Amino acid sequence: MPRYDFTSQRLHVEHDLAHSTRVELNRAQANYLLNVLRLGDGDHVLLFNGRDGEWRANLHPVGRKKAHLEVVSQTRAQPTASDLLYLFAPLKQARMEYMVQKAVEMGAGVLQPVFTQYTQLRKLNHERMEAQIIEAAEQCGILSLPHLAGGLPLMQAIENMSTDRLLIFCDEGEESQNPLPPLAQVSKDSPLAVLVGPEGGFSEEERGLIRALPNAIPIPLGPRVLRADTAAVAALAVVQATVGDWS
């Protein structure tokens, strides 16, 4: 896998990408490259659209408010999209933004908001969340953008999962403090979902329903109580390191 270029500016575009393609920038993109970053004619930018890999392109300004990019060469091929399903209870704004960004960085393939009994936020700003996904991907060299699903009640989201997908359930009620033994039984070929609850945790009714599922694997996240946004990063790191694409 080619090493990621940390020095170049990356930009997400909707345009199809191929050699010699001309990409017209919208006003916000042109302003950012020309007036914020102060790039000039011939400077290069890395482009991606979530479908065609990453491409190097040359910038060509038209005044101070318009510009287009000429695609030159592919720098990285498009990888296989992640199959990891991440189910999470929405949080209030700042923590929600953090959690979405970190889920993208940690390799989630689908982001599924779920409404639990103690969920803090019931109304989702889908457009804002999509922008956070793109921003995280731009900053971290990610090429496959995760799909953002619409919010669903917790049990409906679980029922919508395929029956062969294992549900890694982050349960603060586990007697053990070590998440590794439960994950040792998981095949690395199994499709996975990770479920992290809200700040108030899961209700006893929810815990009972989830733990009764034949495909649920409850895991603890250590001896300390974690905030929901911290728990999300911890859970995804443990899963990726043991049975995910880090292992």
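Does residue 225 satisfy the criteria of being outside any helix (DSSP H, G or I), open to solvent by 60 Å² or more (accessible area, probe 1.4 Å) and out of contact with any Cys (no Cβ under 9 Å at 6 or more places or on another chain)? Taking the combined requirement at face value, the residue satisfies it. Can you tell me which residue in region 26-61 is least open to solvent (accessible area, probe 1.4 Å), limited to those that are aromatic (Phe, Trp, Tyr) and without any contact (Cβ under 8 Å) to a residue 60 or more places away in the chain? Restricting to residues being aromatic (Phe, Trp, Tyr) and without any contact (Cβ under 8 Å) to a residue 60 or more places away in the chain, the top hit is 55.
For residue 169, are the conditions met, namely being in a loop (DSSP other than H, G, I, E, B), touching a residue at least 12 places away in the same chain (Cβ under 8 Å) and open to solvent by less than 20 Å² (accessible area, probe 1.4 Å)? Answer is no for this residue. Count, please, the residues in region 136-161 that happen to be open to solvent by 80 Å² or more (accessible area, probe 1.4 Å) and over 30 Å from residue 212 (Cβ atoms). Matching residues across region 136-161 total 1. When region 148-177 is filtered for residues that are of a type in the set (A, V, I, L, M) and closer than 16 Å to residue 239 by Cβ, the ones remaining, listed by number, are 161, 166, 167, 168.
Of all the residues in region 129-148, those that are part of a helix (DSSP H, G or I) and either in contact (Cβ under 8 Å) with a residue 24 or more places away in the chain or in contact with an Asp or Glu (Cβ under 6 Å, 6 or more places away or on another chain) (or both) number 10. Of all residues in region 116-135, those being among the hydrophobic types (A, V, I, L, M, F, W, C) and open to solvent by 40 Å² or more (accessible area, probe 1.4 Å) number 4. Among (1) open to solvent by 40 Å² or more (accessible area, probe 1.4 Å); (2) in contact with a Cys (Cβ under 8 Å, 6 or more places away or on another chain), which single condition is residue 196 missing? Result: residue 196 fails condition (1) only.
Of all the listed residues (104, 71), the sole one being more than 25 Å from the chain's Cα centre (by Cα), touching a residue at least 40 places away in the same chain (Cβ under 8 Å) and crowded, with 17+ Cβ neighbours inside 10 Å is 71. Here residue 212 passes the criteria (1) over 23 Å from the mean Cα position of the chain (by Cα); (2) touching a residue at least 24 places away in the same chain (Cβ under 8 Å) except the one numbered (2).
The values are calculated or read from the model by the stated rules, or taken from the named source; none is laboratory data. Note that this is a predicted model, so its numbers are computed, not measured. Every residue, glycine as well, gets a Cβ built from its backbone with ideal geometry; the counts of neighbours run over all protein chains shown. Please note that ligands, DNA and RNA were not included when accessible areas were found on the heavy atoms of the full protein model with its side chains. Shrake-Rupley method; radii C 1.70, N 1.55, O 1.52, S 1.80 Å.
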